[in-house]
Amino acid sequence: MEEREGEVRWDGLCSRDAAARDAALDAIGQAVLRRAEGIASGAAADGLPVSAARDGLGEALARLLMLSKRCPFPDVREKSEAILSGVQELGIRIPRPLGHGPSRFIPEKETIQVGKEDATMHTLFAESFATLGRLDNVTLVMVFHPQYLESFLKTQHYLLQMDGPLPLHYRHYIGIMAAARHQCSYLVNLHVNDFLHVGGDPKWLNGLENAPQKLQNLGELNKMLAHRPWLITKEHIEQLLKTEENSWSLAELIHAVVLLTHYHSLASFTFGCGISPEIDCEGGHTFRPPSVSNYCICDITNGYHGVDEIHASPAGIIPVSSTESVCEVEALMEKMKQLQECKDEEEASQEEMATRFEREKRESMFVCSSEDEESAATRDVSRHFEDTSYGYKDFSRHGMHVPTFRVQDYSWEDHGYSLVNRLYPDVGQLLDEKFHIAYNLTYNTMAMHKDVDTSMLRRAIWNYIHCMFGIRYDDYDYGEINQLLDRSFKVYIKTVVCTPEKTTKRMYDSFWRQFEHSEKVHVNLLLVEARMQAELLYALRAITRYMT
């Protein structure tokens, strides 16, 4: 993308070479200070009108604030802070961060602080920064589980930046379309910036109707994948592949489907872990000075709700004593032990197993939170997709039937994996690794207990999510789910997976109260991957049926 004269160039900061970063920072410092001096004196800067120069300076200062707090390279952090101080000395107000840390649900002191990470995490942070040009809040929360984060970043990098069937700007636009289905302004904002950076046409951002017809045609598949993937048929696939001048190739469609499912699932993680806006994005910083109480009413409009919301007990929840919470953990471990003993003694018949699945599937339709309410999509996000009224809620409230999808007939391992790998080489392998890491990840701990086999609990969570999508494993006893997942946990799972935009801190706080935040993030990794695999299974089965 061509740079305008006088525009600040940030690319050099992603270099692993300290000298290259230093040269880039010198150029950035000079450009920013030159513009700041022009504004301070009331003159135009870099040939721009003062108002445009002021806007450009504001964006550059927000970016420097983000770098001073979030860059894994100490030299960049320190020099960014020095440039901000230089601007402040000219009498120009500099921004300050809003919020506390990368998550609204997890106290900042319990997350990994940039600059205090160990060698393994530093390598991951540096890799992420070099690839994306930022160290985002999703990464800073996922790093509770470095093995998973490494696989996640590798997969996302391949999907967005490596050779593949779709051009780069299409990839980011599809990410915007997918995130917008769940009104996830966090992901939409990130990919709007990335879309423009790789040369995307700004007009497309005015609404889906301004994008090429080929992308508009993807809207229906995006909608169904996000909310009711069981409705996808080979006819939907045929319409996309056979629309003469706007048709998709099979390879392009596989790439698009993987991107859509990736970003639907990532929206679940973003809401499920309460990810805060990025420091340099809207809602992540303010140019207003702090008020006496360090909290002013203007901040509310920026999505910042103050220290009280973040650290106080959620309204309506009676604080639970640690004894009660410990009992909750002990009771769960006891149930796991009893279930294992019953399993060793006798096994239910196939008919009974099928009945238990249907019962759990039916019951999952009626699990909803007391906070469940209509939430209209804001215009800013809803313009990126059509039919804002279409969602999972329609299906659950009208008691519509979800057909059963038997994994024995079509599975990721036996069918989906090879189809993706054939049409989009290496991606099947990357996804397979990521699914396995999430499913098998364990530290053999539960809250304060060590040397615990958590496989039964992990399988119950994964299979409950697939059950909500109608997906059945013949060899699994669905009676275990009700034993291991209590109502508050089921409400959280269903909300994060089906209507993530309705997730609240109260829901996050109310399940597994004695567990570590890292364990709740681990739950979210299971939700992300189980949801992504469920969506993929329905889409890939339809593509397979079209091909045969």
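The values are calculated or read from the model by the stated rules, or taken from the named source; none is laboratory data. None of these values were measured; they are calculated from a predicted model. Virtual Cβ from ideal backbone geometry, glycine too; neighbours counted across all protein chains shown. Note: areas computed on protein heavy atoms with side chains; ligands, DNA, RNA excluded. Shrake-Rupley method; radii C 1.70, N 1.55, O 1.52, S 1.80 Å.
Scanning segment 431-458 for residues that are of a type in the set (A, V, I, L, M), closer than 17 Å to F515 by Cβ and open to solvent by 30 Å² or more (accessible area, probe 1.4 Å) returns a single hit, M448. Just so you know, in segment 1-43 the residues that are among the polar types (S, T, N, Q) and outside any helix (DSSP H, G or I) include one that is modelled with the highest pLDDT, and it is S15. A single entry from T270, T243, T233, T286 fulfils the requirement of being closer than 18 Å to Q156 by Cβ and among the hydroxyl-bearing types (S, T, Y): T270. As a summary of the residue check, P289 satisfies the conditions (1) under 12 Å from the mean Cα position of the chain (by Cα); (2) open to solvent by 10 Å² or more (accessible area, probe 1.4 Å) except for the one numbered (1).
How about segment 71-112: which of its residues are touching a residue at least 60 places away in the same chain (Cβ under 8 Å) and more than 30 Å from the chain's Cα centre (by Cα)? Selection gives R93 alone. A single member of R487, R531 is under 22 Å from E363 (Cα atoms), touching a residue at least 60 places away in the same chain (Cβ under 8 Å), open to solvent by 30 Å² or more (accessible area, probe 1.4 Å) and basic (K, R), and it is R487.
For Y508, which of the numbered conditions (1) over 30 Å from S411 (Cα atoms); (2) surrounded by fewer than 22 Cβ atoms within 10 Å (Cβ to Cβ) fails to hold? Checking Y508 against (1) over 30 Å from S411 (Cα atoms); (2) surrounded by fewer than 22 Cβ atoms within 10 Å (Cβ to Cβ), the one that fails is (2). Within segment 463-479, the set of residues being of a type outside the set (S, T, N, Q) and either open to solvent by less than 10 Å² (accessible area, probe 1.4 Å) or closer than 17 Å to F144 by Cβ (or both) comprises Y464, I465, H466, C467, M468, F469, G470, I471, Y476, Y478. Against the numbered list (1) closer than 23 Å to N189 by Cα; (2) open to solvent by 30 Å² or more (accessible area, probe 1.4 Å), T139 comes up short only at (2). Picking from residues in segment 103-131 that are assigned to a loop (DSSP other than H, G, I, E, B) and touching a Lys or Arg at 6+ places or on another chain (Cβ under 9 Å), the one that is surrounded by the most Cβ atoms within 10 Å (Cβ to Cβ) is I106. With respect to L90, determine if the residue is within 24 Å of G283 (Cα to Cα) and of a type in the set (A, V, I, L, M). In short, no.
Does P97 count as over 22 Å from R9 (Cα atoms), touching a helix residue (DSSP H, G or I) at 6+ places or on another chain (Cβ under 8 Å) and not aliphatic (A, V, I, L, M)? For P97, the condition - over 22 Å from R9 (Cα atoms), touching a helix residue (DSSP H, G or I) at 6+ places or on another chain (Cβ under 8 Å) and not aliphatic (A, V, I, L, M) - is met. Quick check: is even one residue across segment 145-154 buried (at least 19 other Cβ atoms within 10 Å of the Cβ), among the acidic types (D, E) and either closer than 23 Å to S265 by Cβ or without any contact (Cβ under 8 Å) to a residue 60 or more places away in the chain (or both)? Scanning segment 145-154, I find at least one residue that is buried (at least 19 other Cβ atoms within 10 Å of the Cβ), among the acidic types (D, E) and either closer than 23 Å to S265 by Cβ or without any contact (Cβ under 8 Å) to a residue 60 or more places away in the chain (or both), so the answer is yes. Summed over segment 119-177, the residues that are of a type in the set (S, T, Y) and within 30 Å of N217 (Cβ to Cβ) give a count of 4. Annotation note: Cβ proximity below 6 Å between a residue of segment 437-454 that is of a type in the set (A, V, I, L, M) and a residue that is open to solvent by 50 Å² or more (accessible area, probe 1.4 Å) and modelled with pLDDT under 90 (sequence gap 6+ or interchain) occurs for A447/Q514; V452/N444. Considering the conditions (1) touching a Cys at 6+ places or on another chain (Cβ under 9 Å); (2) farther than 25 Å from V528 by Cβ, L266 is excluded by exactly one of them, (2). Residues in segment 37-47: is at least one touching a strand residue (DSSP E or B) at 6+ places or on another chain (Cβ under 9 Å), among the aliphatic types (A, V, I, L, M), open to solvent by less than 20 Å² (accessible area, probe 1.4 Å) and farther than 30 Å from R506 by Cα? Taking every residue of segment 37-47 in turn, at least one turns out to be touching a strand residue (DSSP E or B) at 6+ places or on another chain (Cβ under 9 Å), among the aliphatic types (A, V, I, L, M), open to solvent by less than 20 Å² (accessible area, probe 1.4 Å) and farther than 30 Å from R506 by Cα. For residues that are within 22 Å of N193 (Cβ to Cβ), among the aliphatic types (A, V, I, L, M) and assigned to a loop (DSSP other than H, G, I, E, B), scanning just segment 60-102, find the one that is modelled with the highest pLDDT. Filtering segment 60-102 for residues that are within 22 Å of N193 (Cβ to Cβ), among the aliphatic types (A, V, I, L, M) and assigned to a loop (DSSP other than H, G, I, E, B), the one modelled with the highest pLDDT comes out as I94.
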